[in-house]
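The values are calculated or read from the model by the stated rules, or taken from the named source; none is laboratory data. Values in this document were obtained by computation on a predicted structure and should not be read as measured data. Positions of Cβ are backbone-derived with ideal geometry, glycine not excepted, and every protein chain shown enters the neighbour counts. Only protein heavy atoms, including side chains, enter the accessible area calculation; ligands, DNA and RNA are left aside. Shrake-Rupley method; radii C 1.70, N 1.55, O 1.52, S 1.80 Å.
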Amino acid sequence: MDISKKSLLTPAEAARLLHVAPTTIRHWAQIGRLPFISTPGGHRRFDRNDILSLMSKPKSDVKNQFSILIIEDDKEFADMLTQFLENLFPHAKIKVAYNPFDAGDLLHTFKPDVVMLDLMMAGMNGFSICHRIKSTPATAKIIVIAMTGALTDDNVNRIVGLGAETCFGKPLDFALLEKTIKLLVEQKKAIPKF
């Protein structure tokens with residue numbers, strides 16, 4: 001069963017959703033950081049809402065509405081990231097492109113303020129997408145935040161050299177991601193438009 005539709009998750013499913021090890025989930029349960037229920041057989045189950053609330057705070061200091069486009073071929077990760085961002089930024093408009101065709105279309109029709117861009121995707125090259133965004137006048141001012149499971153100095157230098165504002169490793173540091181998005185959006189809104 002698709003874990004995005006389940007309300008109670010096993011430790012392994014919770015770990016996949018948060019992109020952490022199952023031992024981390026068990027540790028958080030033991031220290032009281034993550035509430036759980038026990039089945040009659042003594043197995044732990046985690047409420048999906050508890051998992052999502054662990055990742056974020058419900059309020060945001062960024063008051064103005066803005067838009068985020070997530071370009072990510074891993075549907076489960078993209079859906080989790082969407083839920084996190086919706087909880088964190090309730091006034092933001094968020095859309096997801098799971099393939100290059102949707103990405104190209106949404107960049108021009110949705111006109112996002114921020115793009116969360118995975119670098120390594122099947123059928124898509126995050127580096128070339130970033131280059132197209134930053135070299136096209138209509139999209140050049142979009143904030144690009146790259147994400148990768150292969151966080152190396154070479155990848156970071158290459159994507160930042162192509163115009164991305166920053167690059168995060170997976171699993172994401174959600175607290176740092178929150179601060180980064182707030183800072184970049186506030187900076188962008190402070191720049192006068194000519």
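Observations on the structure shown:
- Considering only residues in the range 62-118 that are assigned to a loop (DSSP other than H, G, I, E, B) and of a type in the set (Phe, Trp, Tyr), the one that is most open to solvent (accessible area, probe 1.4 Å) turns out to be Tyr98.
- Of residues in the range 25-47 being in contact (Cβ under 8 Å) with a residue 12 or more places away in the chain and part of a helix (DSSP H, G or I), the one nearest to the chain's Cα centre (by Cα): Ile25
- Gly161 open to solvent by 70 Å² or more (accessible area, probe 1.4 Å) and out of contact with any Cys (no Cβ under 9 Å at 6 or more places or on another chain): no
- Checklist (1) over 20 Å from Leu88 (Cα atoms); (2) open to solvent by 40 Å² or more (accessible area, probe 1.4 Å); (3) in a helix (DSSP H, G or I) applied to Cys130, failing item: (2)
- Considering residues of the range 7-20 that are in a loop (DSSP other than H, G, I, E, B) and modelled with pLDDT of 80 or more only, the residue nearest to Ala78 (Cα to Cα): Ser7
- Between Leu172, Leu184, the distinction of being under 23 Å from Ala78 (Cβ atoms), at pLDDT below 85 and part of a helix (DSSP H, G or I) belongs to Leu184 only.
- Taking the criterion of being aliphatic (A, V, I, L, M) and either at positive phi or open to solvent by 60 Å² or more (accessible area, probe 1.4 Å) (or both), the residues of the range 133-158 that qualify are Ala138, Leu151.
- Condition met for Leu162 (touching a His at 6+ places or on another chain (Cβ under 7 Å) and at negative phi): yes
- Among (1) surrounded by 12 or more Cβ atoms within 10 Å (Cβ to Cβ); (2) touching a residue at least 12 places away in the same chain (Cβ under 8 Å) - the single one Asp173 does not satisfy: (2)
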